[in-house]
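Below: the structure, in structure tokens.
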Amino acid sequence: FKLPIIAMQSIIKTLLFLVTINLWLAYSQCNWPDSTEESFQWEGETRYFCHRGTKNESLTGPYGLFIMYHGCNGNRNNNHGGTKSDWVKIADYHGWVLATGEALDATQEVGGKCWDGGKDLTYAIEMHSRLLNLYDIDESRLFANGWSSGGFFLNGNVGPLHSDLFVSVATTGWTSKNVKVRTPNDWNYLMIFGTNDSTGGTYGNTILGEGGDIPVITQLAQYNNCTKADDPDIETIDTDNTKRTVQHFTFGDCKNADFEFFGVEGMGHGNPTTNNDNIDTVTIQSEFFLRTSAPGDIDNPDTNGDSTDSDISEGIVLNLFLSLIVLLVWL
């Protein structure tokens, strides 16, 4: 049968409205499980961040704090390298408050919601302060990670001036030949980078110095006053699926703070997890945080490659289901 033109127009308008609502839910509200959205006025802008307390009822405060900084074109809900559900599991297991910030829009700052050292830096400091006021936080367990632009922001903007904000920091998908003025030396630092990632230079030339450049990892170790900056211990790790080889560089006796580097064969500009035939960077980062904040045996939950890496919350799924119901009613 044929629907009247007016009915078809109504259906189209309804669907467009529902799609708009779903997009708004996906990008304008916190969709991390059991999370809360905070907004505040800061330097003439409305700024946002998401936070969630641990759901591990067997743990009492004070709690660890873990803040994630997204890559370009991301926001407080997504573009953290595809590790959402695994980080939630890790945070709940260890009793960490999990929070995500958001850079300003492209029209106001660097293109594509990339982080910068202007309003984003003062916002990050304010967000950190607000989180300490919201929760009972153990300041010996202050952690952060950044993917791509988020990693550059932590190293280039936060670290040189405010490295006291965190105890340990991990970055993935970030490097630069010009790290000399961008390197913190007061927090423990883990860097993960792929051999196929050309961001900021090639892996061989920039990271390892094979083309005559001073290796980035050597520069970072030197600035942390590591005694083995030019001769690190290198452990080669074959992953379970034998599809990736990981080189783990450990620099000994760093006077300022620990520094470690993982080089992942074949990894591009990403942040792989166990379920896509790479390595589990969530486990590598969380174990580094544990190792540098509370030395001893490391107890971690088995993420088992079950990360859905989805930015779709239960609320959005419900709205999509209701959209389908509305469509069926119209038909």
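The values are calculated or read from the model by the stated rules, or taken from the named source; none is laboratory data. Quick caveat, the model's predicted, so the values are computed rather than measured. Virtual Cβ from ideal backbone geometry, glycine too; neighbours counted across all protein chains shown. Each accessible area value is taken on the protein alone, full model and side chains, heavy atoms only, with ligands, DNA and RNA left out. Shrake-Rupley method; radii C 1.70, N 1.55, O 1.52, S 1.80 Å.
The table below lists the values:
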item: With every protein chain in place, the range 40-96: carbon and sulfur % of accessible area (1.4 Å); result: 48 percent
item: Neighbour net charge for Gly95 - beta-carbon separation under 11 angstrom, K R +1, D E -1; result: -2
item: Glu210 accessible area, assembled protein chains, probe 1.4 Å, Å²; result: 140 Å²
item: Relative packing of peptides 38-44, 88-94 - highest average C-beta neighbours within 10 Å first; result: 88-94, 38-44
